[in-house]
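What follows is a single structure, written as structure tokens, with notes after it.
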């Protein structure tokens, strides 16, 4: 009697996949971190065998503090069913590639929409109120935390718990990953710095270029996150979106080998009235410390940040106008009465037209700079443009030759599709903007 076949592999063989290790592989996207594949290491060669995706089941196990989904308790992990795109065998491995899923970026501080994307606006409750963007962009309170509060809240280096994966084999046996590989994120190291001038300690993430050669000079990119990761794990800055990791990707490093610095802040850095605290000078101290410790090209140091991190970039550019060669500024605000020191700098600002905080502020900055005789290139881009279309748009704005650039996106086009939530364009900006290759290339072309 012929044996029952499962995609070329007999049912009996399929039910006896000899797994000895399960590895969850994660990647970071503009909307955060997720498991993108699961690798089953077997005790014999599996290559040449055919397997059906429908014979397996994968559930992503998300750390308790991530993707809150409206849960009141954050003590238990979240289990999310994931669709398997394909299964293939390679040597002793069986690889299950997963379909990427979109996770809606959380409201400030994390919240109900931080998990699987909701189907539309939810009004009349706390969720709807947060989604309407009522929370200030620049911080979380009107009173700025000062040195004692910063020192008291410092926690050293802390890391997000690993994402895991649960796999159900064709036999019905359930296995949980015993190893996690975080692509790009694992290439960063976590270190601590204490600023001598302010006495402020900083934990930070640092990417050192592969094959680092002290005889060569390397650019440095400083990335500063928004308020949603303030006071959380050091590595959360790397996984919230791609503002830090994109610069350390193999593709980007092949073109632009550089250091990438992503500090960890335990307290608010800047208020909505543009008042800063010692964190600003400590951050500058950290940049200068690394520039002295490693072979950093001090003529090619750059700052970039989103929301509160964008505001801190503005503040550093104002106080230390000669520190950075250029700034990439995503969806933040600044005091329009203090732009004179930006007149001779190189800046590219970006935000969505539905961003009620960043749009008027960035518009005001460019208006005041024009009054000072500064040439400003301003453009409106469709946020759903293809990579090829973005490339053409970048070349067009390059041709104008302005050192100050301001690009904004028509309302809702910063969302990946027509399903959107009013008031959330602010967070969507950096999901999109860091993916535009021509924008990143512009940064690396700048030099003091």
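Quick notes on this structure:
- Residue list for segment 417-448, filter: surrounded by fewer than 19 Cβ atoms within 10 Å (Cβ to Cβ), in contact with a helix residue (DSSP H, G or I) (Cβ under 8 Å, 6 or more places away or on another chain) and part of a loop (DSSP other than H, G, I, E, B): 422, 435
- Condition met for residue 194 (surrounded by fewer than 21 Cβ atoms within 10 Å (Cβ to Cβ) and either in contact with a helix residue (DSSP H, G or I) (Cβ under 6 Å, 6 or more places away or on another chain) or under 30 Å from residue 149 (Cβ atoms) (or both)): yes
- Residue within segment 208-225 that is touching a residue at least 60 places away in the same chain (Cβ under 8 Å), part of a helix (DSSP H, G or I) and in contact with a strand residue (DSSP E or B) (Cβ under 6 Å, 6 or more places away or on another chain) present: no
- Residue check, residue 251 in a helix (DSSP H, G or I) and surrounded by fewer than 19 Cβ atoms within 10 Å (Cβ to Cβ): yes
- The number of residues in segment 393-415 that are out of contact with any helix residue (DSSP H, G or I) (no Cβ under 8 Å at 6 or more places or on another chain) and either surrounded by fewer than 19 Cβ atoms within 10 Å (Cβ to Cβ) or assigned to a helix (DSSP H, G or I) (or both) comes to 8.
- The one condition in (1) farther than 17 Å from residue 330 by Cα; (2) surrounded by fewer than 20 Cβ atoms within 10 Å (Cβ to Cβ); (3) in contact (Cβ under 8 Å) with a residue 12 or more places away in the chain that residue 287 fails to fulfil: (2)
- Residues satisfying the stated conditions in segment 360-404, i.e. in contact (Cβ under 8 Å) with a residue 24 or more places away in the chain and within 17 Å of residue 432 (Cα to Cα): 379, 380, 381, 382, 383, 384, 387, 390, 391, 393, 394
Each reported figure results from applying straightforward, stated rules to the coordinates on display, with no laboratory input. In this text, all values refer to a predicted model and were calculated from it rather than measured experimentally. Cβ atoms come from the backbone with ideal geometry, glycine included; neighbour counts cover every protein chain shown.
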